[in-house]
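See structure below.
The values are calculated or read from the model by the stated rules, or taken from the named source; none is laboratory data. These numbers were taken from a predicted model, which means no experiment stands behind them. In this analysis, Cβ positions are derived from the backbone assuming ideal geometry, glycine residues included, and neighbour counts consider all displayed protein chains. Heads up: the accessible areas ignore ligands, DNA and RNA and are worked out on the full protein's heavy atoms, side chains in. Shrake-Rupley method; radii C 1.70, N 1.55, O 1.52, S 1.80 Å.
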Amino acid sequence: MGKLFIILLALVLLPASGMYGGEGDEQKSEFGIVVHGGAGGISRDGYTPEQDAAYREALSEALRAGYEILRNGGSSVDAVEAAITIMEDDSLFNAGRGAVFTAEGKNELDASIMDGSTLNAGAVAGVTRVKNPITLARLVMDESRHVMFAREGAEVFGEQHGIETVPEDYFFTERRWRTLQRRQEREAAEESGGTVGAAALDKNGNLAAGTSTGGMTNKRFGRIGDSPVIGAGTYANNKTCAVSATGHGEYFIRSVVTYDISAKMEYKGMSLHDAAHRVVMEKLPDLGGHGGIISIDKHGNVAMPFTTGGMHRGYILDDGEIVVKLYGDE
Ligand code: ASP
């Protein structure tokens with residue numbers, strides 16, 4: 001009788017051990033990509049209809065680029081890099097071309113990428129002449145024996161591998177310059193907004209994530225945020241999920257946000273939704289930090305929690321339907 005009870009108990013409990021909460025083990029989507037274009041005080045009243053449309057179109061374009069790669073059997077790493085490159089080239093976002101200014105009026109860019117199938121990763125910090133920092137991060141991952149390069153060392157490594165460099169004034173945009181002036185006049189705290197990121201699942205079940213940013217307006221020169229820090233701004237692991245973060249970087253580093261989400265899934269068996277909400281909506285604010293994350297798990301579930309007024313975000317799954325949202329109320 002005792003034995004039978006144990007066998008019955010095992011039958012009930014075993015299937016649950018591999019399950020991520022309510023989301024279950026069924027495949028929601030064969031492949032998919034989710035992107036963000038930064039979290040912050042984004043509100044319906046703060047955008048003109050033209051700005052609203054421009055952000056939605058830019059996010060859709062990034063999603064379409066990633067989707068095409070995934071649909072044709074390409075890798076999640078390629079999809080992530082392609083989606084982020086598009087947003088880096090668009091001055092709407094605080095990454096690549098539209099990067100914000102440091103207190104000294106310069107642009108210092110950070111980026112990272114991670115391949116969840118190998119746990120290999122590449123990151124660059126404080127680069128000033130690289131057109132697409134995400135591509136340099138990818139080069140670090142693929143072509144070097146290191147994970148992270150900073151400043152001139154990153155640029156020299158990139159040049160040796162044919163990375164495209166630009167004069168520093170390529171990153172001068174009127175809008176970000178005015179933001180710096182306003183910030184300095186008010187001597188207000190540093191502000192973020194417009195960082196970009198992507199996380200993808202490909203047809204082979206491989207997950208990848210990447211993040212790229214100019215950092216925070218009025219940051220001290222030499223300051224490095226969470227975006228190039230693996231486990232804070234970016235994390236991917238085929239066993240669990242792929243995550244990219246945006247928000248006040250210091251808090252994301254201290255909370256090890258993206259790794260913590262993966263760890264909660266791996267060690268506690270939590271669903272992506274529950275793990276992401278616990279970290280972003282509870283743990284991070286408890287420390288005083290705000291922002292959001294985008295994520296996709298190995299089953300194609302998507303989670304995009306944030307604590308700010310809004311977050312530029314969107315996803316596309318194997319049904320090909322683009323979903324893009326900007327504000328707290330969509
Ligand atoms: N997390 C970025 C940083 O702290 C900024 C942002 O996401 O807006 O550098």
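Some observations on this one:
- For the range 176-330, alpha-carbon Rg relative to the globular expectation (2.2 N^0.38 Å, N residues): 1.04
- Counting DSSP beta bridges with both ends in the chain, the antiparallel % (nearest 5): 90
- Accessible area per residue (1.4 Å probe, heavy atoms of protein chains only) ranks Glu250, Glu321 as Glu321, Glu250, with the largest value leading.
- Cβ-Cβ FRET estimate between Gln184 and Asp45, R0 fixed at 35 Å, reported to 0.05: 0.90
- Overall form of the range 290-330 per C-alpha gyration tensor (a/c, 1.5; a/b vs b/c): oblate
- GluC sites (Glu not before Pro) lying in DSSP loop within the range 62-130, provided at most 15 other Cβ fall within 10 Å: Glu104
- Among the GluC sites (Glu not before Pro) found in the range 140-222, those both in a DSSP coil and sparsely packed, with 14 or fewer other Cβ atoms within 10 Å of their Cβ, are Glu164, Glu187.
- Structure remark: mean-square fluctuation, Gaussian network model of the chain, C-alpha springs under 10 Å; the largest value among Tyr235, Tyr251, Tyr267 belongs to Tyr267.
- The dipole here belongs to the range 174-307: it is taken about the Cα centre, uses +1 on the Cβ of Lys and Arg and -1 on the Cβ of Asp and Glu, and is about 240 debye.
- Charge dipole magnitude, Cβ of K and R +1, D and E -1 - the chain, Cα centre, debye nearest 20: 740
- Accessible surface, per residue, of the chain when the full set of protein chains is kept, probe 1.4 Å, Å²: 41
- Overall, the accessible surface of the chain at a probe of 1.4 angstrom is composed of carbon and sulfur to the extent of 53 percent.
- Electrostatic dipole magnitude of the range 255-330 [Cβ: Lys, Arg +1; Asp, Glu -1; Cα centre; debye, to 20]: 240
- Of all aspartates and glutamates in the structure, the ones whose alpha carbon falls short of 19 Å from that of Lys239, not counting any fewer than 8 places away in one chain, are Glu23, Asp25, Glu26, Glu30, Asp115, Asp202, Asp260, Glu266, Asp274, Asp297.
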